[in-house]
Amino acid sequence: MKSSRFLEYIYIDYYSSTPKYIQLANSIIKSVREGKLIINETLPSINELNCNFEISRDTAEKAYKHLKSIGLLGSVPGKGYYIKNTEAGQQFKVFLIFNKLSTHKKLVYDAIVDGLGHEAAIDFYIYNNDFEFFKKLLQNNSNDYTHYVILPHFMHGGENVHDIINMLPKDKLIILDKLVPGIKGDFAAVYENFEKDIFQALEEALPQLRNYHTLKIIFPEYTYFPGEILKGFFSFCIQYAFTYKVVHDVQGEPINEGDVFINLMENDLVVLIERILATELKIGKDVGVISYNETPLKKIILNGLTTISTDFEEMGKMTADIIKNGSTGRYEVPFYLTLRASL
């Protein structure tokens, strides 16, 4: 096959966070599905791909090896790669979009990828909490996806996000992490119940919290975290008679014996710990620290940080199951308190 003809079938989206080798592989799978590439057809060599496309040899080789692993390609030493099986390939094509790729969001992504395995081609995008960029990515999508998996968190401008999402077919839609008011139709969701989750987690930690008198939640004035977290925090403090405070700037907040700090942002956590360590107060005895969102490092920082967290791996597994089973249900993700030395 001439390289010029093959060039017509390759599409690399430089906005996408999907690795280029996966995009190359997906382009070949799509061409096979559409009958543009037929059985026994020879593909360009690794060197030809390297010369004709803006991809490295390693990228081209990884794409071919991936396609060989799912049974689509065969290879003959000295002759290269060819289409071995036109029936192989992915059953699903997923448009996956996250606000950012933090440590815990990566757990969601990895669980979705692992859960779908070779059954899905995934185009992955990150919009950095920017509503206009989010809107552009959704409006410019190719409309040939079997599923749209959307995690909607914005710093500002997301008040009308439901108008953008409502343009998508609801039988293909899966909303992650946060239910969005105004989305119509029968769509699937895997979400956190933020108000209930923090209330119940703090309630479970009540025996330890009784050793302190004031709960302070570090909640930046401009954040994508939903206000329902504060509602649950207020309800708990009022019901169990704790003095409480919302802290917008941890840098200037007094740290006193008997305080418990509930921290949401990772950057604020670093500042908080540095400031406590600069005092004579002992974490877990004089001052308590609870960190939102479990990560592996929190198991070992200061002999262990107490966390309250969604099960992000389970969120990804549930999403993969919805895609494979064709469900349109809405499911709450488990939320856990993990007690460690910081409380």
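The values are calculated or read from the model by the stated rules, or taken from the named source; none is laboratory data. Bear in mind that the values here come from a model prediction, so they are computed numbers and not experimental data. SASA here: full protein model, heavy atoms, side chains in, ligands and nucleic acids out. Shrake-Rupley method; radii C 1.70, N 1.55, O 1.52, S 1.80 Å.
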Task: Selection within the range 278-307 - more than 18 Å from Tyr212 (Cα to Cα) and either assigned to a helix (DSSP H, G or I) or not polar (S, T, N, Q) (or both) - done: Ala278, Tyr292, Glu294, Pro296, Leu297, Lys298, Lys299, Ile300, Ile301, Leu302, Asn303, Gly304
Open item on the list: Looking only at the range 311-343, filter to residues that are basic (Lys, Arg) and modelled with pLDDT of 95 or more; which one of those is most open to solvent (accessible area, probe 1.4 Å)?
Closed with: Lys317
Task: Members of the range 218-264 that are open to solvent by less than 10 Å² (accessible area, probe 1.4 Å) and more than 24 Å from the chain's Cα centre (by Cα) - done: Phe233, Phe236, Cys237, Val247, Val250, Gly258, Asp259, Val260, Phe261
Task: Residue tally, condition part of a helix (DSSP H, G or I) and open to solvent by less than 50 Å² (accessible area, probe 1.4 Å), over the range 207-217 - done: 1
